[in-house]
Amino acid sequence: MLFNYKYGGHTQISSTTRSTSMSFAPDTLREPTYFVGKLQQKLAFREAISALHDVVISDLRFQPKDKTAYKEWAAEQEMAWMSEYATKLDLRENEERIKWLQRDLNLLQKRRHEMMKPFWEARMKYFDFIYKNDRNMWIVLDPIITIHPEELFFECFSKDESTYAKLEANYETFKEIDEFQCGTTNIDYSHDLYQEFQKIRDYKETDFRIDPKGFSVQTTNEEIFHEKKIEVPESWVRGFLQVSSAMTLPATSFELHSMDIYNICSLLRRFKENIGPRSMVFILRPNQPISILFEPFNKEIVCARSIYQGDESQTIRVWGRRRLLVLERLIPLAKKFTVHLLGSGLPSFFIAEMGDMNFTLGLSGWTANDWSRVGNFDLMAPRANVDTFTAEKVFSVLKRSFLAKPEMIAKELNLDIKTVLGALSLYTQAGKVIFDIKKGVYRLRELSREPLPMDALRFANDRERLARELLTQQRIAVKKVYVENGLRLEGEFTWSEKIWHPTAIIDDDEKLVEATCTCDFHIRNKLYKGPCEHILALRIAEKNTSALIST
């Protein structure tokens, strides 16, 4: 997907011995959105925006070792090794053999050069492009900032598309606000700004500005405007929509003391797992301290300061725990952390509450399973059956007030609460609305200036679409069998007088390690082209208990 931006200048941070000034350049192609004020909580803002930066650049995917330097050294040494070997021979007796070997070596090098030439040319073009353009902006979209009547918040996504972050700052964070205009915009951002953020000090006067001058009419010096055209994978946009939908799902919630988060991060720093399962198990018992078990080394943390207030005992496993290290720098600032767990192997949200600021860290089920891969778990709720006129009325109320609870909208429009929630779900999935977990309200936040191509974003392929149809239109029989080191799922799907029998084995790391199905797609391709729609539906049904019949 191609995104176009036009900024009235560049984001700049200037620092002197007495003051710091932050001026973010907004996207002038969007509706005017600006803010001008002076920070009051300077150090807290510095640490929070730095944590946001840590999420932007994070990439915990497996990175193979770079052997480029070694291969170049080996190539240079090849002739030296051949010469050294030749000196040990009787050159008079082996002169013809050396000539033959040299001729054969030259021929191999020539063929190698011909074969590798297209690769080397393409690589050179790629590095030239990266050098001439902003070397960081190809990774992700520019951060999004939204200004509301009572707060502003930043949002970003990690490079590996598995981590979401949101920094909220209410207006008590500022000691002086000169002017603001509500709305959502992208801001010009580069990774070099991180070092400038570190210069913020408590004794310096700090100006915070989303520059309103960027929207003024410009008749001369048009060169101060600069445009960006960024090609972004659909998975990135799909991930942003997924996390918005995940926020609206029912979750198990509890509070953790700041020292509990410190203990979690400390344990993760001290121990490195080599085998699975690499999970973090939350053991929740009513009116008892929360316990956290770290597998596979079975280290347990008892959170004596954090008492679980729920009514039922639960055990919830989450993966991708090393992403929690982003919260380390917020521990001294946070009064408490609120945790929302959607279930074992499902997304989770950790909210650092810092008084007038909140930092939300959203994690997908595990690092390798990013938000956009709905084949493993489809976070996007089924689309509600709400007519366009009613949905637009609901959206117009939210657009007028910028934030609202569903009950308030239902009362104002005299609509059923389910209808309102259905309409809000539609706009959440379209990237126009976001749910605020902390305050329990829906907020206006338009991810893109232009309408998003939802037909292309909703599913990654036709098999995912068919899997959703199987779940929404048919009753499914699923049998769970716990086996050694995992779980075996057996299903029966009936559709159009046809019956399929998929099976799947899920290991302790919640990974699909083996699967079979009686459909033609699986018989022809096995798992080489990914699982069929019946295996996908079976996997999703196992997480969505309302969609299955356990036997």
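Laid out as a table, the results:
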{"read-out": "Total formal charge among the other residues, if their Cβ is under 11 angstrom from that of Met247, Lys/Arg +1 and Asp/Glu -1", "value": "+2"}
{"read-out": "Of Lys299/Lys439; Lys411/Lys432; Lys38/Lys335; Lys38/Lys399; Lys432/Lys498, pairs whose Cα-Cα distance is over 31 Å", "value": "Lys299/Lys439; Lys432/Lys498"}
{"read-out": "Förster radius 41 Å - calculated FRET efficiency between Lys439 and Gln288, Cβ distance, rounded to 0.05", "value": "0.90"}
{"read-out": "Separation of the Asn485 and Leu108 label points, Cα + 7 Å toward Cβ, nm", "value": "4.0 nm"}
{"read-out": "Charge dipole (debye, nearest 20) of segment 283-323; +1 at Cβ of Lys and Arg, -1 at Cβ of Asp and Glu", "value": "300 debye"}
{"read-out": "Per-selection Rg to Rh, segment 249-372 - Cα, Kirkwood hydrodynamic radius", "value": "0.93"}
{"read-out": "Rounded to the nearest 10 Å², the accessible area of Met280 at probe 1.4 Å", "value": "0 Å²"}
{"read-out": "About the Cα centre, charge dipole magnitude for segment 152-210 (Lys/Arg +1, Asp/Glu -1 at Cβ), debye", "value": "160 debye"}
{"read-out": "Counted charge near Thr17, where neighbours are those whose Cβ lies closer than 12 Å (Asp, Glu -1; Lys, Arg +1)", "value": "+3"}
{"read-out": "Value in Å of the Kirkwood radius, where segment 384-454 supplies the Cα pairs that are averaged", "value": "12.0 Å"}
{"read-out": "Sequence ranges 252-259, 235-242, 464-471, ranked by mean other-Cβ count within 10 angstrom, highest first", "value": "235-242, 464-471, 252-259"}
{"read-out": "Computed FRET value (nearest 0.05) for Lys335 with Asp178, which takes r as the C-beta separation and R₀ as 22 Å", "value": "0.15"}
{"read-out": "Charge sum, other residues only, whose C-beta stays under 11 Å from Arg329's C-beta, Lys/Arg counted +1 and Asp/Glu -1", "value": "-2"}
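The values are calculated or read from the model by the stated rules, or taken from the named source; none is laboratory data. This one's a predicted model, so the numbers in the text were calculated from it and none came from an experiment. With ideal geometry, Cβ positions are generated from the backbone for all residues, glycine too; neighbour counts draw on all protein chains shown. Side chains included, ligands, DNA and RNA excluded: accessible areas come from the protein's heavy atoms. Shrake-Rupley method; radii C 1.70, N 1.55, O 1.52, S 1.80 Å.
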